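Below is one structure, written out as structure tokens; comments come after it.
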Amino acid sequence: MSSSNPSPVTVQSLNPKVLKCEYAVRGEIVTHAQRLQQELQETPGSHPFDEILYCNIGNPQSLGQKPITFFREVLALCDHPSLLDRDETHALFSLDSVQRAQQILDQIPGRATGAYSHSQGIKGLRDTIAAGIAARDGFPASGDDIFVTDGASPGVHMMMQLLIRSEKDGILCPIPQYPLYSASIALHGGSLVPYFLDEATGWGLEISDVKKQLEDARSKGLTVRAIVVINPGNPTGQVLAEDNQRAIVEFCKKEGLVLLADEVYQENIYVEDKRFHSFKKIARSMGYGEDDISLVSFQSVSKGYHGECGKRGGYLEVTGFGADVRDRYTRLHL
């Protein structure tokens, strides 16, 4: 018996914020490519090509990059810890992998990766991440400031959810940009305030242009809450000079902006005269501490030399937020 009742869910009845959200990385071109791929599978020879390479997003293992053995061995042993009790394991797995898996399992409740952990992630692993940050920057880092996420993208969404109250709240965002930012700003009901990178200067960031965009947004009644800086750049690939970074930090402090630093490509620098410096290192070297500037750094195992996009791992280092604000953010991070 058929029903004439219309579907309770139509495009017209969706949340309008969802309708405004467009993630170009997985947008119309990708959808068309997927249709073509399905046609190739169903009717081989139907097109003058027999394979589609998806280059719309950094996804190296889909293009033939082999996963790093150490990572996979540690993951396998942590997911199946009874392997550690078998004699043959020591012949199949490297000693380093066995030792690292044992160290990690000792920090996991019940020595089981399927167990719930602290909302921010396993404390021992957060401390290890913080130690790596401190070694990189030469300034102290705390595991209490680390929020482990299933990739950097959920961290971006949670930060937008925290900062955006209405369409009157704006986020400064670079153009060209990774479309996650414009999509997440739209999804959470905010307003994107663009600032434009200059191709003629190697996709540099001009503070004078950013200030002009900020003043223009404020003149329209927007409250600009934060600025997104992608360094190294995506999709532009530039690496910011230290002087430029110091100017950005000074600008954020003066204007009362949260600095959202997308630093996921910090390992992907292939030019000898370029070097990555985190915004936290820059801020601390300028003498600015927790009370001076609010700073969030995003990192992901999808990028760098890992290329583990499908494993969904990442973290945020959140500094310069009061304890009451951090508590609210932790509640989002369930």
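The values are calculated or read from the model by the stated rules, or taken from the named source; none is laboratory data. Only a predicted model underlies this, so the values are computations on that prediction, with no experimental measurement involved. Positions of Cβ are generated from backbone atoms using ideal geometry, with glycine treated the same way; all protein chains shown enter the neighbour counts.
Within the stretch 112-155, which residues are out of contact with any Asp or Glu (no Cβ under 8 Å at 6 or more places or on another chain), among the hydrophobic types (A, V, I, L, M, F, W, C), more than 20 Å from residue 303 (Cα to Cα) and touching a residue at least 12 places away in the same chain (Cβ under 8 Å)?
Within the stretch 112-155, 112, 122, 139 meet the criteria.
When the stretch 167-221 is examined, which residues are found to be at pLDDT below 95, outside any helix (DSSP H, G or I), among the small types (Gly, Ala, Ser) and under 23 Å from the mean Cα position of the chain (by Cα)?
189, 204
Please work out which residue is farthest from residue 20 (Cα to Cα), limiting yourself to the stretch 156-178 and to residues that are in contact (Cβ under 8 Å) with a residue 60 or more places away in the chain and surrounded by fewer than 17 Cβ atoms within 10 Å (Cβ to Cβ).
Checking each candidate, the answer is 176.
Within the stretch 305-334, count every residue that is in a helix (DSSP H, G or I) and either of a type in the set (A, V, I, L, M, F, W, C) or modelled with pLDDT of 85 or more (or both).
7
In the list 237, 289, 322, 307, which residue meets the criterion of being out of contact with any Leu (no Cβ under 9 Å at 6 or more places or on another chain) and in contact (Cβ under 8 Å) with a residue 60 or more places away in the chain?
307
Filter the stretch 99-155 down to residues that are β-branched (Val, Ile, Thr) and not in a helix (DSSP H, G or I) and give me whichever is surrounded by the fewest Cβ atoms within 10 Å (Cβ to Cβ).
This residue is 113.
For the condition surrounded by fewer than 12 Cβ atoms within 10 Å (Cβ to Cβ), out of contact with any Cys (no Cβ under 7 Å at 6 or more places or on another chain) and farther than 30 Å from residue 178 by Cα, what is the one hit in 50, 87?
Only one candidate qualifies: 87.
Out of all the residues in the stretch 257-288, which are closer than 17 Å to residue 300 by Cβ and either surrounded by fewer than 16 Cβ atoms within 10 Å (Cβ to Cβ) or of a type in the set (D, E, K, R) (or both)?
Result: 262, 263, 267, 268, 269, 280.
Quick check: is even one residue across the stretch 71-91 closer than 30 Å to residue 167 by Cα and part of a helix (DSSP H, G or I)?
No, the stretch 71-91 has no match at all.
Look at residue 246 and say whether it is outside any loop (DSSP other than H, G, I, E, B), basic (Lys, Arg), in contact (Cβ under 8 Å) with a residue 40 or more places away in the chain and closer than 21 Å to residue 201 by Cα.
Here the answer is yes, as residue 246 does meet what is asked.
Pairs only if they're at least six apart or on different chains, beta carbon under 9 angstrom, first in the stretch 265-281 and more than 15 Å from residue 242 (Cβ to Cβ), second of a type in the set (S, T, N, Q); list them, first residue then second.
Filtered contacts from the stretch 265-281: 265/231; 265/234.
Using beta carbons and a limit of 6 Å, which pairs, at least six apart or on different chains, have the first residue in the stretch 212-226 and surrounded by 13 or more Cβ atoms within 10 Å (Cβ to Cβ) and the second one in a helix (DSSP H, G or I)?
From residues that are surrounded by 13 or more Cβ atoms within 10 Å (Cβ to Cβ), the pairs are 224/214; 224/217; 225/163; 226/163.
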